[in-house]
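Student: One structure follows; several queries about it will come next.
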Amino acid sequence: MCNRSKNTKEIHCRSWLKLLLSALVPLLIGVFTIITTIQQQKLSTLERKHDKQESLLLRQQSEHQADNLHKENIYATYLDDVSNLLILDKEKSLMQIFAKTLASLRQLDSERKKHLFMFLYDSKLINSPATRTNSSLLELKDADFNGIRFRGTTGASCSFKYLYLYNVYLSNASFINCYIDRSNFSFSTMYKTTFSEARLLRTSFKFAILDQSGFNQATFFQMIFIGASLVGCNFTNTIFSRHEHGVSYLINVNLTGVVISDQQLTRSILNNSVLPNGTWGPIDTNNLIVNGDAERNVFTPTNTDLTDWYPSTSGIIAFVAHKEDFPKEFGKYYFRVKSSYTLIRAVSMSQIISFENFTLLISSGKAHYQFSASILCMGNQYVDIELIFVDLNGLKYKPIYRKTRVTGEMKQITQADNMHVEIRSFQLKIGFVRTSANTSTNATDDETYCMADNIQFFIKKKQ
């Protein structure tokens with residue numbers, strides 16, 4: 001009875017085992033099939049991705065080759081065209097060369113820009129010895145030379161003389177270990193341009209934007225940075241000439257954040273500038289009127305050659321000697337109308353003063369001007385003074401007038417005010433006006449004339 005029950009259990013166990021084994025085989029086959037399918041899908045995805053990458057790489061290489069060939073054709077065509085123009089009348093071809101140069105530079109890479117630059121230099125289109133006139137130079141305003149790089153080595157020197165790059169784009173460029181003499185980079189945009197180890201002589205960067213440029217270990221002789229922006233520049237170990245005729249001009253410059261030593265600053269002419277710490281340096285408070293005291297280049301008494309002044313009518317206004325008993329503070333001479341001039345019509349002398357050495361101070365809103373002139377009028381004549389300020393676009397502000405009275409004694413006429421941030425120049429006009437015709441022609445008779453002397457104009461920093 002017990003044996004029969006045991007056998008029955010074994011039979012049931014074997015039956016279930018057979019059933020399990022018979023089900024396991026297709027299950028394993030199914031799992032294998034699924035895994036194989038997944039692996040094949042992954043492999044196919046990888047192959048497709050690889051194919052796409054290869055296709056993209058081939059397309060990029062093809063596009064690069066096509067772009068390279070296009071740029072090479074542009075450069076080759078430019079060389080041919082400009083070479084042919086140079087065979088003709090060079091000066092008459094400059095406008096065509098200018099147009100072709102700007103159009104080509106916009107499409108070239110930095111290496112070909114460098115070759116084009118050297119072609120222009122070797123063709124003497126952008127280098128101007130003193131014996132040549134500017135009419136034979138190629139004006140390259142707005143030309144894109146960004147990224148060109150030069151480096152002088154033992155085997156290949158880097159030297160430029162009389163280079164003329166006025167108002168061009170020259171950012172992220174380099175002139176490492178180059179010799180640059182008597183060159184002009186004025187008004188150019190030169191962000192992050194490197195002049196490391198360069199020798200820079202008698203070269204102008206007037207009003208150039210040189211922010212974050214590097215001059216470390218360079219050598220300076222008679223460099224001009226008037227009006228330049230030098231924010232964040234590096235002058236580490238730069239040698240500033242100690243020769244009295246080799247000093248550099250740091251006038252009207254922004255030196256904020258500049259790496260420069262006190263010794264380097266003392267070897268420069270430093271005026272009207274913002275120092276590295278953000279404060280203002282010394283302000284030039286000299287008289288901006290040239291020959292305002294009538295003492296310069298007076299060859300003879302009653303000389304009418306008004307040096308540095310522009311008369312409305314020549315030969316009428318003259319330098320005249322003060323009488324011996326006149327106060328010595330007024331010097332030897334003064335301005336007046338010659339006594340032989342008998343007409344009622346007014347005559348004037350004028351002078352135009354540029355504020356290019358003060359633009360940083362003026363644009364900061366911290367500039368204040370002071371004008372004065374010593375005037376003595378007698379009889380039937382008076383003096384009209386006109387001050388005309390001009391903005392950066394050449395537009396004139398409303399004139400400021402001052403009129404003298406007949407007093408019989410020397411009076412100082414003054415005018416002072418803050419300067420608008422856009423003022424860039426100034427015209428002063430001194431007019432001698434007669435109210436009635438004069439009948440006297442006695443050159444020593446001052447009773448019907450005005451005299452002008454000690455004419456001054458100063459710019460100061462507001463407190």
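The values are calculated or read from the model by the stated rules, or taken from the named source; none is laboratory data. All of these numbers come straight from a predicted model, not from anything done at the bench. Using ideal geometry, Cβ is built from the backbone for each residue, glycine included, and neighbour counts are taken over all protein chains shown. Surface areas here come from the heavy atoms of the whole protein model, side chains and all, with no ligands, DNA or RNA. Shrake-Rupley method; radii C 1.70, N 1.55, O 1.52, S 1.80 Å.
Student: Looking at (1) open to solvent by 50 Å² or more (accessible area, probe 1.4 Å); (2) touching a residue at least 40 places away in the same chain (Cβ under 8 Å); (3) not in a loop (DSSP other than H, G, I, E, B), can you tell me which one Y334 breaks?
Tutor: The one condition Y334 does not meet is (1).
Student: Restricting the search to the range 257-266, which residues are surrounded by fewer than 18 Cβ atoms within 10 Å (Cβ to Cβ) and in a loop (DSSP other than H, G, I, E, B)? Outline the logic, then answer.
Tutor: Taking the range 257-266 as the starting set, the residues that turn out to be surrounded by fewer than 18 Cβ atoms within 10 Å (Cβ to Cβ) are 257, 259, 261-263, 266.
Correct list: G257, S261.
Student: Test each condition in (1) aromatic (F, W, Y); (2) part of a loop (DSSP other than H, G, I, E, B); (3) within 23 Å of V433 (Cβ to Cβ) for F326 and report the one that comes out false.
Tutor: Of the numbered conditions (1) aromatic (F, W, Y); (2) part of a loop (DSSP other than H, G, I, E, B); (3) within 23 Å of V433 (Cβ to Cβ), the odd one out for F326 is (3).
Student: Answer yes if at least one residue in the range 196-218 is closer than 25 Å to S104 by Cβ, among the hydroxyl-bearing types (S, T, Y), surrounded by 18 or more Cβ atoms within 10 Å (Cβ to Cβ) and out of contact with any Lys or Arg (no Cβ under 7 Å at 6 or more places or on another chain), and no otherwise. Give the steps one after another, and end with the answer.
Tutor: The initial filter retains those residues of the range 196-218 that are closer than 25 Å to S104 by Cβ, namely 208-209.
Add one more test, that the residue is among the hydroxyl-bearing types (S, T, Y), and what stays is none.
No: the range 196-218 contains no residue that is closer than 25 Å to S104 by Cβ, among the hydroxyl-bearing types (S, T, Y), surrounded by 18 or more Cβ atoms within 10 Å (Cβ to Cβ) and out of contact with any Lys or Arg (no Cβ under 7 Å at 6 or more places or on another chain).
Student: State whether the residues of the range 285-296 include one that is open to solvent by less than 20 Å² (accessible area, probe 1.4 Å), β-branched (V, I, T) and either at pLDDT 90 or above or part of a loop (DSSP other than H, G, I, E, B) (or both).
Tutor: Here is the first cut: in the range 285-296, the residues open to solvent by less than 20 Å² (accessible area, probe 1.4 Å) are 289, 291-292, 294.
Right, trim to β-branched (V, I, T) and you get 289.
This time we only want the ones that are either at pLDDT 90 or above or part of a loop (DSSP other than H, G, I, E, B) (or both), so: 289.
Yes - at least one qualifying residue is present in the range 285-296.
Student: In the range 403-421, how many are farther than 18 Å from I362 by Cα and surrounded by 16 or more Cβ atoms within 10 Å (Cβ to Cβ)?
Tutor: Pass one, the range 403-421, residues farther than 18 Å from I362 by Cα: 403-414.
Of the ones still in play, those that are also surrounded by 16 or more Cβ atoms within 10 Å (Cβ to Cβ) are 404, 410, 413.
So the answer is 3.
Student: Within the range 142-164, can you find the residues that are within 19 Å of K90 (Cβ to Cβ), under 16 Å from the mean Cα position of the chain (by Cα) and part of a loop (DSSP other than H, G, I, E, B)?
Tutor: A143 - this is the single residue of the range 142-164 that is within 19 Å of K90 (Cβ to Cβ), under 16 Å from the mean Cα position of the chain (by Cα) and part of a loop (DSSP other than H, G, I, E, B).
Student: May I pose another question? Checking the conditions here, which among L120, L138, L125 is touching a residue at least 40 places away in the same chain (Cβ under 8 Å) and over 23 Å from A228 (Cβ atoms)?
Tutor: Values: L120 fails: touching a residue at least 40 places away in the same chain (Cβ under 8 Å); L125 fails: touching a residue at least 40 places away in the same chain (Cβ under 8 Å).
Step by step, each of L120, L138, L125 is checked, and only L138 is touching a residue at least 40 places away in the same chain (Cβ under 8 Å) and over 23 Å from A228 (Cβ atoms).
Student: I've got another one for you. Which pairs do you get when a residue that is touching a residue at least 12 places away in the same chain (Cβ under 8 Å), found in the range 270-287, comes within reach of a residue that is of a type in the set (F, W, Y) and in a loop (DSSP other than H, G, I, E, B), reach meaning Cβ atoms under 7 angstrom, with the pair 6+ apart or on two chains?
Tutor: N272/F358
Student: Shifting gears a bit: Of all residues in the range 267-284 being assigned to a loop (DSSP other than H, G, I, E, B) and open to solvent by 50 Å² or more (accessible area, probe 1.4 Å), which is nearest to T238 (Cα to Cα)? So that I can check it myself, show each step before the final result.
Tutor: Step one: list which residues in the range 267-284 are assigned to a loop (DSSP other than H, G, I, E, B), which gives 267, 272-273, 275-279, 281-284.
Checking the rest, the ones that are also open to solvent by 50 Å² or more (accessible area, probe 1.4 Å) come to 267, 277, 279, 282.
Working: R267: 11, N277: 19, T279: 23, P282: 23 Å.
So, considering only residues that are assigned to a loop (DSSP other than H, G, I, E, B) and open to solvent by 50 Å² or more (accessible area, probe 1.4 Å), the one nearest to T238 (Cα to Cα) is R267.
Student: If you don't mind, another one. How many of the residues making up the range 388-424 are of a type in the set (S, T, N, Q) and outside any loop (DSSP other than H, G, I, E, B)?
Tutor: If we filter the range 388-424 for residues that are of a type in the set (S, T, N, Q), which is where we start, we get 393, 404, 407, 412, 414-415, 418.
Cutting the leftovers down to outside any loop (DSSP other than H, G, I, E, B) gives us 412, 414-415, 418.
The number of residues fulfilling the criteria is 4.
Student: Somewhere in the range 224-241, is a residue free of Cβ contacts under 8 Å to residues at least 24 places away in the same chain, crowded, with 20+ Cβ neighbours inside 10 Å and of a type in the set (G, A, S)? Give the steps one after another, and end with the answer.
Tutor: Start the filter on the range 224-241 by keeping residues that are free of Cβ contacts under 8 Å to residues at least 24 places away in the same chain, which leaves 236-237, 239.
Subset that is crowded, with 20+ Cβ neighbours inside 10 Å: none.
No, that holds for no residue.
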